[in-house]
Amino acid sequence: MSGAAPVLEVRDVHTAYGLSRVLFGVSIEVHAGECVCLLGRNGVGKTTTMRSIMGLTPPSAGRVLWKGSDITGWAPYRVARAGLGFVPEDRRIFADLTVWENLDVAVRAARGGAGGFSIERVFDLFPKLGELTGRQGGFLSGGEQQMLTIGRTLMGNPELLLLDEPSEGLAPIVVDHLRDQIARLKGDGLTILLAEQNVEFSLALADRVYVLEKGAIRFSGPAARLRADEALRHELLAL
Amino acid sequence: MLEVRGVQKAFDGFQAVAGVSLSVARGEIAAIIGPNGAGKTTLFNLVTGHIRPDAGSVLLEGRNITGLPPHQVCRRGMGRSFQRTNIFPRLSVFQNVQAAFISHRGRGLDLLSRVDRLYRDETDALLASLGLLERAGEMSGFLSHGAQKQLELGIALASEPKLLLLDEPTAGMSAAETHETIRLISRLARERDLTLLFTEHDMDVVFSIAQRITVLHQGHVIAEGAPAEVRSDPEVRRVYLGERR
Amino acid sequence: MSALRRLPWGLLGVLAALSVPLLGSRFYTFVATDVAIMALFAVSLNLLLGYTGLVSFGHAAYFGVGAYTTGLLMKMAGVGFTLAFPAAGLLAGLFALVFGFFCVRVTKIYFAMLTLAFAQIVWAICFKWNDVTGGDQGMPEIPYPDLAWMERLPLVGDLQTSDHFYLLTVVLVGVCFWLLRRIVGSPFGRILTTIRENPERAEFIGVHVGRWELIAFVLSGAFAGLAGGLFGIFNRGVFADFVYWTKSSEVLIMAILGGMGYFYGPAVGALVLLVLNQQITSYTEYWPLVLGSILIVLLFAFPGGIVGALDAGRRRLARLRRA
Amino acid sequence: MPAPSFLFAQALSGLTAAMFLFLVASGLSLIFGVLRVLNFAHGSFYMVGAYLAWQIVHWFGRDPASFWWAAVGAAVGVALLGGVVERVLLRHLYGKEELYQLLFTYALVLILSDAAKVLWGTGQLSVSRPPGIAGAFRFLDTTIPYYNLFILLLGPAIALGFWLMLGRTRTGRFIRAAALDREMLGALGVNVSRLYTGVFVLGSFLAGLGGALVTPVKAIVPGMDVEIIVEAFIVVVIGGLGSFWGTFLGAVIYGQVLSFGILVFPRFSIFSVFALMAVVLIIRPWGLLGRPLKT
């Protein structure tokens, strides 16, 4: 990558849930404007990495740096206010709140980054949501929920978007649409850290890739290399 | 052995399981695969009585068990391990398995005898076959994740089930542990003449031991058959393996 | 170390307790009776709290029912202690069966609320039903059981009636402890601990969780009733505040203070709390204030209780010695 | 068959009692819904509100408007007390076992009940009805004090205001979202810990207000804390813990059943409530409008 300092730096992070340890020294860098993908199968620690960055599951060792300042152990709301937006794997829509209310809850004043997100702009990105403003979150389909959860996080105008398995459990056509919209966000200059097990989906978006296995980084390099090298892909991801 | 007919379940309007039918023959090792959120765990919970289906029925050895509470389903001969490790953390390893024996053999209401030695041989034998015997006295909550998963299997086996449901038996395990667990499961299934139904994310695991695979996607069955058939099914490759040719 | 553990502590405890009247102080006998009875009350609660994982905030209801039962039978109906005492356990168990039927249907937080609500209802009845319970005046002058036969015993024959009653109490409480210990150490007791640890998993080893909880609730209530039966006689009267929520809180705090993870923990808690009570009430009437403060300190500093803290200390010592 | 006017009077008195109960139970239910803490000390806050109101009236006894100041002052005082308790102590117990949270609030009950005895003694205290609405009027052969009418109107007004706040304001949306998924709300940049304090303060305010407003119709005595918390528990068990309208419904039903139950069991009207609670528990263990707790 370029010589510029990364916006996000994860340094040798170890994380455990209670007694069971999940991450064993994960280090990641994300530069401004990049789309970086964490690839790996279920249970290798992708979600835990994201949660460690957000402060939802604070690391037991290691550091998380955001634009050079140490945010390790910050409360999640402070991390979010510093410019990181997290889109969880299980979506976690507020089921009793309407689509509009779900978005409204997450509104924060615009700051740099891809900035200036408004409810209108989210509806522009995901027109389907605009038709459902009054519907309760719990009554949306999986795809609609996924759009809402991304839209909701965007309302906070993050500079870095942490997307945890957005394609999971979605119909292929919805996945395609989602990929296009994420590409659009990237085109708008948003920095993205994506966790996926869907190889094709992530390789279509990512600039660089980290492959996780059993709580540690097994491979890191440009996405192009994985795209080009089927043998390597097979070896790393064993499809 | 197990027959699931058109089972449906919706949560707050979200159709988690939309009419799933499948059957598992005696002695078979069957797997359910599908992306997260496809409805696998919900389907398991429907089968084991943890939640009631909105429609459809579940038959165990030809008898209708739809809507029975879990403790009765268990008594009819179904054992289960859970996706998130589910043991009795502040009991010793020995006590975990012993409790399952006590319950299964109907001694749970015995207020008079001493529990210490009850079913000691059976428990020890089972722990030995799981490779946990040396750790019998340890508090189970302090075991490693992999060992807890094995213990959970032991608890399920102590109920002497005819049908064993395993929800992601190797989730979160290291490669070595996964390998070992799979060997263990197939050995136990053989020795104990078990019928096995499991969900799993690890494709190596699925294709190495399953004789039949059902693929679930968005609450529907999209494919079913022998591993080779399923593996080559274009639909499955597309939605699950995430590749398109 | 292991030699220490092999000593028959229970028997030694009973023997030590039996020797209290020989010290010759009426005050010591008085405190010791109180401790013995409350220890039984606290240990009975712990069958729910420590073994089944159910938090009852209304255990005094069963204590009170037992006290009123024995009191009514002995004072009004002239029934002998040999019948009135077991009747206390029986009736308390019956009440526990009825209330428990509803309580075990609900989960933790509702369970706590409901047990308190039921206990307050029992209190309201005891407080208002003048014809039977004496209402707010209570039921004074419960007679002592006929213990004349003790006068013929060697060594203790010369003691006073209150001492004789104390001896009886120690023996009965000892028997109850033995029974409870058997229950806790039985297959049934083991199943209870699985419910405490993980009710969902317990269901799937074939345990009908609600049924086991109800049985534990009834047993726990019955033993509380027996404690109540003794207490009414010891106190020379039964009053509505036996059932009041403060009584429930006291016994709960005893169990936690002593350590609910240990069979005799609650008994230790009863001992410490009652002795403390004796000391503090001579300075101030605001005992609950002190009690509440103790509880807060406990929660933040020693969540394992006294026995828990001792146990942890002992283990640390053993580790040091090994190192 | 009792005279219609008598029945009407019973219904009204039941409804008045229900409004006080609603004030207390709604705070209890709100705190539980968001913080997942069952606050045993909620009744103690109500009691403190009553004593504070008496104290303020006592200080400014000459001023006819003092009652209103007292009511507001007491509610604010209790809200402050709640805020301090949550900030200094309770918040440290959030991650811990449910039992510890329960016991903590229980300890507060013990401490506050004795503190009230230290400060205000054990005798009965009373506050007279505020002078502006001290009188009564007759309607359908029934004497209705203006103050009771005020309470009958205030209850629904607060319920409505509360409901609008939850449904229409940003804060209300935060509260509802926090009740559903605290962690997610935090990850969206909302300071949930401050929100929790706010909710606890609001709940305490309602309890304090209830306690202050009840003083003209009920004597202030030690023990009123436990009496009301038990009633509030029964109300939320009937209506559904964490359900806003369930609490309102539960309070109304409780008031009516208690009030008419007296006709059936003259001395033990509590029996009828008890029977009702038992029925509700058998049919819907999670309350009439509640939802089963997720496991």
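Against the conditions (1) surrounded by 23 or more Cβ atoms within 10 Å (Cβ to Cβ); (2) modelled with pLDDT under 85, where does A:PHE94 fall short? Just the number, please.
All conditions pass for A:PHE94, except number (2).
Would you please name the residue that is farthest from B:HIS201 (Cα to Cα), looking only at residues in the stretch A:201-220 that are surrounded by fewer than 17 Cβ atoms within 10 Å (Cβ to Cβ) and out of contact with any helix residue (DSSP H, G or I) (no Cβ under 9 Å at 6 or more places or on another chain)?
So the residue we want is A:SER220.
Filter the stretch C:188-240 for residues that are of a type in the set (Asp, Glu) and in contact (Cβ under 8 Å) with a residue 40 or more places away in the chain; which is farthest from C:ASP146 (Cα to Cα)?
C:GLU197
Need the failing condition index for D:MET184 against (1) more than 14 Å from chain A (Cβ to nearest Cβ); (2) among the aliphatic types (A, V, I, L, M); (3) free of Cβ contacts under 8 Å to residues at least 12 places away in the same chain, just the number.
Here D:MET184 clears every test but (1).
From the list A:VAL22, A:VAL13, which one is away from chain D (no Cβ under 14 Å), assigned to a strand (DSSP E or B), open to solvent by 10 Å² or more (accessible area, probe 1.4 Å) and among the β-branched types (Val, Ile, Thr)?
Of A:VAL22, A:VAL13, the one residue that is away from chain D (no Cβ under 14 Å), assigned to a strand (DSSP E or B), open to solvent by 10 Å² or more (accessible area, probe 1.4 Å) and among the β-branched types (Val, Ile, Thr) is A:VAL22.
Go through the stretch D:110-155 and report how many residues are within 14 Å of chain C (Cβ to nearest Cβ), open to solvent by less than 50 Å² (accessible area, probe 1.4 Å), touching a residue at least 12 places away in the same chain (Cβ under 8 Å) and not aromatic (Phe, Trp, Tyr).
3
If you go through the stretch C:5-32 one residue at a time, how many are modelled with pLDDT under 75 and either open to solvent by 100 Å² or more (accessible area, probe 1.4 Å) or among the hydroxyl-bearing types (Ser, Thr, Tyr) (or both)?
3
If you go through the stretch D:176-187 one residue at a time, how many are open to solvent by 10 Å² or more (accessible area, probe 1.4 Å) and among the aliphatic types (A, V, I, L, M)?
Counting residues in the stretch D:176-187 that are open to solvent by 10 Å² or more (accessible area, probe 1.4 Å) and among the aliphatic types (A, V, I, L, M) gives 2.
Looking at (1) assigned to a helix (DSSP H, G or I); (2) open to solvent by 10 Å² or more (accessible area, probe 1.4 Å); (3) touching a residue at least 12 places away in the same chain (Cβ under 8 Å), can you tell me which one C:LEU159 breaks?
Every condition holds for C:LEU159 apart from (1).
Give the residue, chosen from C:ARG181, C:ARG190, C:ARG196, C:ARG201, that is open to solvent by less than 10 Å² (accessible area, probe 1.4 Å) and within 14 Å of chain B (Cβ to nearest Cβ).
So the residue among C:ARG181, C:ARG190, C:ARG196, C:ARG201 that is open to solvent by less than 10 Å² (accessible area, probe 1.4 Å) and within 14 Å of chain B (Cβ to nearest Cβ) is C:ARG201.
Could you grab me the full set of residues in the stretch B:119-142 that are open to solvent by 10 Å² or more (accessible area, probe 1.4 Å) and within 14 Å of chain A (Cβ to nearest Cβ)?
B:GLU138, B:MET139, B:GLY141, B:PHE142
Would you point out the residue of the stretch A:202-220, among those that are under 18 Å from the mean Cα position of the chain (by Cα) and not in a strand (DSSP E or B), that is farthest from the other protein chains (Cβ to nearest Cβ)?
A:ASP207
Are there any helices (runs of 4 or more DSSP H) wholly within the stretch D:144-216 with 2 or more residues that are more than 17 Å from A:TYR77 (Cβ to Cβ) and in contact with a Leu (Cβ under 8 Å, 6 or more places away or on another chain), and if so which?
D:146-168, D:170-180, D:192-214
Which number in (1) surrounded by fewer than 22 Cβ atoms within 10 Å (Cβ to Cβ); (2) closer than 26 Å to D:VAL226 by Cβ marks the one condition that D:TRP69 misses?
The one condition D:TRP69 does not meet is (2).
With open to solvent by less than 40 Å² (accessible area, probe 1.4 Å), modelled with pLDDT of 90 or more and either touching an Asp or Glu at 6+ places or on another chain (Cβ under 7 Å) or not acidic (Asp, Glu) (or both) as the only criterion, which of A:PHE86, A:PHE117 stands out?
A:PHE86
Looking only at the stretch A:128-148, count how many residues are assigned to a helix (DSSP H, G or I), touching a Gly at 6+ places or on another chain (Cβ under 9 Å), within 14 Å of chain B (Cβ to nearest Cβ) and buried (at least 23 other Cβ atoms within 10 Å of the Cβ).
Count: 3.
In the stretch B:5-91, which strands (runs of 3 or more DSSP E) lie fully inside it and hold 2 or more residues that are open to solvent by 50 Å² or more (accessible area, probe 1.4 Å)?
By residue number, B:14-24.
Looking at D:ILE234, D:ILE228, can you tell me which residue is more than 21 Å from D:ALA79 (Cα to Cα), within 12 Å of another protein chain (Cβ to nearest Cβ) and either in a helix (DSSP H, G or I) or aromatic (Phe, Trp, Tyr) (or both)?
Every option except D:ILE234 fails the conditions.
Within the stretch B:80-103, which residues are of a type in the set (Gly, Ala, Ser) and more than 7 Å from every other protein chain (Cβ to nearest Cβ)?
Once the filter is applied, which keeps residues that are of a type in the set (Gly, Ala, Ser) and more than 7 Å from every other protein chain (Cβ to nearest Cβ), the stretch B:80-103 yields B:SER81, B:SER92.
Exactly one condition in (1) surrounded by 18 or more Cβ atoms within 10 Å (Cβ to Cβ); (2) in contact with a helix residue (DSSP H, G or I) (Cβ under 7 Å, 6 or more places away or on another chain); (3) within 14 Å of chain B (Cβ to nearest Cβ) is not met by A:ASN198; state its number.
Result: A:ASN198 passes all but (2).
The values are calculated or read from the model by the stated rules, or taken from the named source; none is laboratory data. Just so it is clear, the structure is predicted and the values come from calculations on it, not from any experiment. Note: ideal-geometry Cβ built from the backbone for every residue, glycine included; neighbour counts use all protein chains shown. The protein model used for the area step is the full one, side chains on, heavy atoms only, and it has no ligands, DNA or RNA in it. Shrake-Rupley method; radii C 1.70, N 1.55, O 1.52, S 1.80 Å.
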